[in-house]
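Peer 1: Let me begin by handing over the structure; questions about it come next.
Read-outs: derived from the displayed coordinates by stated rules, not from any lab. None of these values were measured; they are calculated from a predicted model. For neighbour counting, all protein chains shown are included, and Cβ atoms are generated from backbone atoms with ideal geometry for every residue, glycine included.
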Amino acid sequence: MSEGRSARTVERYALALRRLAAYMGNRSLLSATGDDLLFFAGKWLFEQGVRDPVSRKPAVAAVREFYKWIHLRGWRDDDPGRRVPHPKFGRRLPAVMTLAQAEALMFMPDYSTFEGLRDATMMAILLGTGLRVSALTSLNESSILDIVVDKKPRLALRVLTKGGKESQKPLPEQAALLLRLYLEHPTMHAVDRSLPDGDKVLFISTRNSHCPKHEWHGEKRRMNRHSVHGMIERYGRRAGLPPNVTHPHAIRHLFGTELAEDDTNLKEIAEHLDHSKTETSAVYIHLAMRKKTATIDKSSALNKIKTPVSSLLEQLGRRP
């Protein structure tokens, strides 16, 4: 059932099935009827606080896939999950961090500390490459590549995309400099980041509230996506930014929008963001407001005629 799916999808499916088990109580999941599943995916989840159709989508997908899997293995003669419709919802434009907000965010960490340098490096990579946070936290030292572009040495990252494919991401020079400083920090040499294959975890946690000290090394030192979300939210609050943009995906949306603002074609945007379909990347064309505003200011009919407010705008210095 989880074959070929990302770790995040597997995590969401597992949560949905745990919720389904809670709904079923003492009854086996194998005994669920179509009516049971319809009630669970609708009213029950709504009453549990999962009210947004977008939030219910993974739960419905998990239920449908689970009972399809059960049916194919002959554990049930029917597939009750087929009765559960996918939730319908309108497509909303994502919240995008602005360049000014991104700049404010980058000034929040204390670069003189290890944690501040680590956080700034991670945010710079997100801003500079548009990586998903799961790809960022899964990086190891072997993910860093030395490349030569126009006879100049540069750094790039080798990452695994959402679909499991390998992709290479050139790093902007600011992100590359921060990454080098982070790797050279004394704390990095004092921590056991070694993995069984000889590689080393790249972004490490400095806070441990669950793992026994003698086991806190290697993979268990890796920063997780929840920590990255919390870190960006914390700096966002400190910078006075609205909560809807203080998360990693808002930074990813900024990256995609800036590509569109600079007339990058859809195929290239999809390649940079590791989208399998260019249709997914088309949303950034709609978000490219600087480009749209410049076109409107130059070419709209209203700006080519005189109206009663033209003189007022001229007095305010808003129109040449």
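Peer 1: In a GNM of the chain with a 10 Å cut-off on Cα contacts, which of ARG18, ARG158, ARG221 has the highest mean-square fluctuation?
Peer 2: Sorting by GNM fluctuation, first place goes to ARG18.
Peer 1: Also: How large is the helix-only mean residue ellipticity at 222 nm for the chain, computed as the sum of -39500 (n - 2.57) over DSSP H runs with n ≥ 4, divided by its residue count, in deg cm²/dmol to the nearest 500?
Peer 2: Taken over the chain, the calculation gives -14000 deg cm²/dmol.
Peer 1: Then there is this: Check cross-link reach from LYS169 to the lysines: straight Cα distance under 27 Å, and skip same-chain residues fewer than eight apart.
Peer 2: Those lysines meeting the cut-off are LYS151, LYS152, LYS200, LYS220, LYS267, LYS277, LYS291.
Peer 1: Take ASP197 and GLU47, extend 7 Å from each Cα along the Cα→Cβ direction, and tell me the distance between the two endpoints in nm.
Peer 2: Between ASP197 and GLU47, the label points sit 4.8 nm apart.
Peer 1: If you build a Gaussian network model of the chain, linking Cα atoms that sit under 10 Å apart, which residue out of ARG64, ARG132, ARG83 swings the most?
Peer 2: ARG83
Peer 1: Where a Cα-Cα gap under 17 Å defines reach, which aspartates and glutamates qualify for LYS88, not counting those fewer than 8 residues away within the same chain?
Peer 2: Hits, sequence-local ones excluded: ASP52.
Peer 1: Rounded to a whole number, what is D in µm²/s for the stretch 1-140 from Stokes-Einstein with the Kirkwood radius over alpha-carbon pairs (10 °C, 1.306 mPa s)?
Peer 2: It diffuses with D of about 87 µm²/s by this estimate.
Peer 1: Right, here's the next one. Taking Rh as the Kirkwood radius computed over C-alpha pairs, what is the Stokes-Einstein D of the stretch 99-244 at 25 °C in a medium of viscosity 0.890 mPa s, expressed in µm² per second?
Peer 2: Values: Rh = 16.1 Å.
D = 153 µm²/s.
Peer 1: While we're on this one: Which number comes out as Rg/Rh for the stretch 61-146 once both Rg and the Kirkwood Rh are worked out on C-alpha atoms?
Peer 2: On the way: Rg = 22.0 Å, Rh = 17.5 Å.
The Rg/Rh ratio comes out at 1.25.
Peer 1: Something else about it: What full-extension length gain, to one decimal in nm, is calculated for THR187 and HIS249 as 0.36 nm per residue of separation minus the Cα-Cα distance?
Peer 2: Taking 0.36 nm per residue and subtracting the Cα distance, the gain is 19.4 nm.
Peer 1: Oh, and also: Given a cut-off of under 8 Å on Cα pairs at least six residues apart, what relative contact order in percent is computed for the stretch 7-83? Intermediate results must be reported in sequence, preceding the final value.
Peer 2: Values: 58 pairs, mean separation 29.0, N = 77.
Once divided by the residue count of the stretch 7-83, the mean separation gives 38 percent.
Peer 1: Could you run the Karplus curve 6.51 cos²θ - 1.76 cosθ + 1.60 with θ = phi - 60° over the stretch 120-131 and give me ³J(HN,Hα) per residue in whole Hz, x for Gly and Pro?
Peer 2: 5, 5, 5, 5, 5, 5, 4, 5, x, 10, x, 4
Peer 1: Here's another thing I want to ask about it. In angstroms, what radius of gyration and Dmax does the stretch 212-320 have, counting Cα atoms only?
Peer 2: Values for the stretch 212-320 (Cα only, Rg and Dmax): 21.9, 76 Å.
Peer 1: For the chain, go through all pairs of different Cα atoms, get the mean of 1/r, take its inverse, and jot down that Kirkwood value in Å.
Peer 2: Kirkwood hydrodynamic radius for the chain: 23.2 Å.
Peer 1: Less than 11 Å from a label point 7 Å out along the Cα-to-Cβ axis of ARG76: which backbone N atoms in the stretch 19-41 qualify, by residue?
Peer 2: So the set is 28-38.
Peer 1: Still on this structure, I have one more. Find the relative contact order for the stretch 148-282 and round it to a whole percent, using C-alpha pairs within less than 8 Å whose residues are 6+ positions apart.
Peer 2: Working: 101 pairs, mean separation 17.8, N = 135.
It comes to 13 percent, rounded to a whole number.
Peer 1: Counting just the Cα atoms, what span does the stretch 7-83 cover along each of its three principal axes? Round to the nearest Å and put the largest first.
Peer 2: 33, 27, 22
Peer 1: Please give every one of the aspartates and glutamates within straight-line cross-link reach of LYS57, meaning a C-alpha to C-alpha distance under 15 Å, and leave out same-chain neighbours fewer than 8 residues apart.
Peer 2: GLU11, GLU65
Peer 1: Normalised by the residues of the chain, what does the relative contact order come to in percent, with Cα pairs under 8 Å and at least six apart?
Peer 2: Across the chain, relative contact order equals 15 percent.
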